[in-house]
Amino acid sequence: MSATPTACCGTCRFEGVGLDFTGRVHGDELSPTVHEHGGRHNAQFIADQGGLDDQWLFAGIVDGRNVWINHLEHSLDALEGLRRETGQLVVSTSSSLLHTPIDLDAEPADGDADLDDELRHWMAFAVQKVGEVATLAKGVGEGREAIADELEANERALDDRRDSHRTRNDEVRTRIEGLDEEHDRRSSPFEERKPAQRGQLDLPALFPSTTIGSFPQTDEIRDARKHLREGKIDWLAYKKEMEADIERVIRFQEEIGLDVLVHGEPERNDMVQYFGEQMEGYVFTENAWVQSYGSRCVRPPIIFGDVLRPSQMTVDWITYAQSLTERPVKGMLTGPVTMLEWSYVRDDQPRSETCRQLALAIRDEVADLEAAGVKIIQVDEPAMREGLPLRRDRWDEYLSWAIHSFRLSTAGVKDETMIQTHMCYSDFGDIMDHIQAMDADVLLIEAARSRMELLHDWERTGYANDIGPGVYDIHSPRVPPTEEMADLLRAAARVLRPEQLWVNPDCGLKTRAWPETDASLRNMVEAAKQLREELVPAS
Ligand code: GLN
Ligand code: ZN
């Protein structure tokens, strides 16, 4: 079979086209392998585009970005619909398999493994997905009888998953049904909350300084975690080491004069894994590594069932840190959208639903921190922008549930409790109004890396609540001079009101070493002091 190159616009010629039929491109919440009508929808789509004459169609029907088995029956329906539109059909994955772990069979199968047999039956990694592609191709080419055994096994696995009590938790579902509009709204507007918060915190009126949360993850910290895992030290010894690090971090921050302190997050292996490990509905793998960026690899946790937080996750660490100092120590949590974006998410219910469950789990932790006397709680959402659908006309839909989830996780607190959030890794200029709608009391946002490009956006849109545009890039060991950071603050103060500005780095310091952390933060605190002297409060 040979295809004749066809012109599309007169300039370019193509012999085939590969399309993602899993619905992700459209921002659909459920993939067509879950949708009953996927098949018809896709065929209609091709017909609407004018059809394919003699081009090859690479039909990306096996999701290349998740870890779940394909619904073979639905995929076959879809593929048969597509075959009516083109004579030259190739069964394919929806994307490269870069985003899925290599082989499910590489996971230990013994009784202790986290990933037990039941869960395993619901999953497919890259090797298994290639198998699904081959099965589907055979099914389309030779008829369904040729893959009868595979179809039956697939049907059984899907039924088991649907009926398993492990994917559903009635307590969580009842709670979600009981939510009303009040639940994602703070009881007073920001203008009333701010004086209430400042009244109980002894902060400078202008340019209070803080950090994003993590301090250097030293070799000692990593070794302690490794030794705990290997059973060389017990939990108490581990806890002692972490507490020693927390004390060091607290003393350092006091010494250099930071205003709002952090405990430094030494106990966290990763900002998502740490929380996922303490929630129900999550499972972890041993070998399922995927590339994050560059040479950095991660093992994303897997959300397979309803998410629930059985008990407190952070309160002991934060109250320990607070017991060491008179200055306020922030509670530090990962937000629901980031928990979702950096995990493999179950595909048997809309992502928005899973995100809401995560939001409730975080909300409970926020409530416990507040009850323990923590006055400032930071809920990080660095991945807020990552979930945006490719199609712009679907942005609002995503943003509305993403913002709702963040608000649900934070809105349960009193006026006096200050909610901070942190965002990084992206340009946020075009979603600034949505970020405003998150209604955090303080937004700590990466800005120095792009030399404060965001200032142009704020010039246009303004920003109502308090805000800390990052004054130094933490991605290199370079120590920024005081004057450089003071200049960035001056630039920010020309566009935003000086009263609303905070002083902080672009992101957490866990990948940095102590020498540059020490020097950079001293310079940063100095820059804040300079600006306080230059600009007198308006009131
Ligand atoms: N609080 C986290 C930290 O400081 C935030 C990390 C992030 O934004 N990725 O490490
Ligand atoms: Zn960050």
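The values are calculated or read from the model by the stated rules, or taken from the named source; none is laboratory data. Treat the numbers as computed from the prediction; the structure is a model and nothing was measured. Note that we place each Cβ from the backbone using ideal geometry, even for glycine, and neighbour counts take in every protein chain shown. The accessibility values were calculated without ligands, DNA or RNA, using every heavy atom of the protein model including side chains. Shrake-Rupley method; radii C 1.70, N 1.55, O 1.52, S 1.80 Å.
For the chain, carbon and sulfur atoms together expose 48% of the accessible surface, with a 1.4 angstrom probe and every protein chain in place. Here region 313-396 has an Rg and Dmax of 15.8, 50 Å, counting Cα atoms alone. Between the amide H of LEU443 and those of THR421, ASP466, ILE467, GLY468, distances stay under 5 Å, these residues lying 5 or more places away or on another chain, with hydrogens modeled in the peptide plane. Each of MET438, GLY373, HIS263 was scored by the projection of its Cα onto the charge dipole of region 175-535, and the greatest displacement toward the positive side belongs to HIS263; charges sit on the C-beta of Lys, Arg, Asp and Glu. The accessible-area ordering, largest first, of the residues SER450, SER520 stands as SER450, SER520, per a 1.4 angstrom probe. Assuming 0.692 mPa s and 37 °C, estimate D for region 142-268 with Stokes-Einstein, Rh taken as the Kirkwood radius over Cα pairs, in µm²/s. The diffusion coefficient I find is 156 µm²/s. Counting heavy atoms of the protein chains alone, TRP289 has an accessible area of about 130 Å² for a 1.4 Å probe.
Antiparallel as a % of all DSSP beta bridges within the chain, to the nearest 5? Display every interim value, and only then the final one.
Numbers: 9 of 42 bridges.
DSSP beta bridges in the chain are roughly 20 percent antiparallel.
Note that the chain presents 44 Å² accessible area per residue, ligands and nucleic acids not counted, probe 1.4 Å.
Given the peptides 134-140, 492-498, 225-231, 14-20, arrange them by the average over their residues of other C-beta atoms within 10 Å, most packed first.
On the way: 134-140: 19.1, 492-498: 17.6, 225-231: 12.6, 14-20: 15.6.
Highest to lowest by the protection proxy: 134-140, 492-498, 14-20, 225-231.
Take 360-368, 327-335, 161-169 and order them by the average number of nearby Cβ atoms within 10 Å per residue, most first; the result is 327-335, 360-368, 161-169.
Could the peptides 430-437, 341-348, 173-180 be put in order, highest first, of the mean number of other beta-carbon atoms found within 10 Å of their residues?
341-348, 430-437, 173-180
Roughly speaking, what is the stretch gain from GLU459 to GLN49, that is 0.36 nm per residue apart minus the C-alpha to C-alpha distance, in nm to one decimal?
On the way: separation 410, 0.36 × 410 = 147.60 nm, distance 4.13 nm.
Extra length available between GLU459 and GLN49 comes to 143.5 nm.
Remark: region 495-511, residue by residue, has Karplus-estimated 3J(HN,Hα) of 9, 10, 7, x, 5, 9, 8, 10, 10, 7, x, 5, 7, x, 10, 5, 8 Hz, where x stands for each Gly or Pro and the curve is 6.51 cos²θ - 1.76 cosθ + 1.60 at θ = phi - 60°.
In this simple spin-label approximation, VAL479 and TRP289 carry label points 7 Å from Cα along the Cα→Cβ vector, and these lie 3.4 nm apart. Anything over 30 Å Cα to Cα? Flag those among LYS226/LYS529; LYS240/LYS330; LYS226/LYS375; LYS239/LYS375; LYS226/LYS330, in the order listed. Check vs 30 Å cut-off fails for LYS226/LYS529; LYS226/LYS375.
Projection of the Cα convex hull of the chain, averaged over all directions and equal to a quarter of that hull's surface, yields 27.7 nm². Between GLU397 and SER426, residue separation times 0.36 nm minus the direct Cα-Cα distance comes to 8.5 nm.
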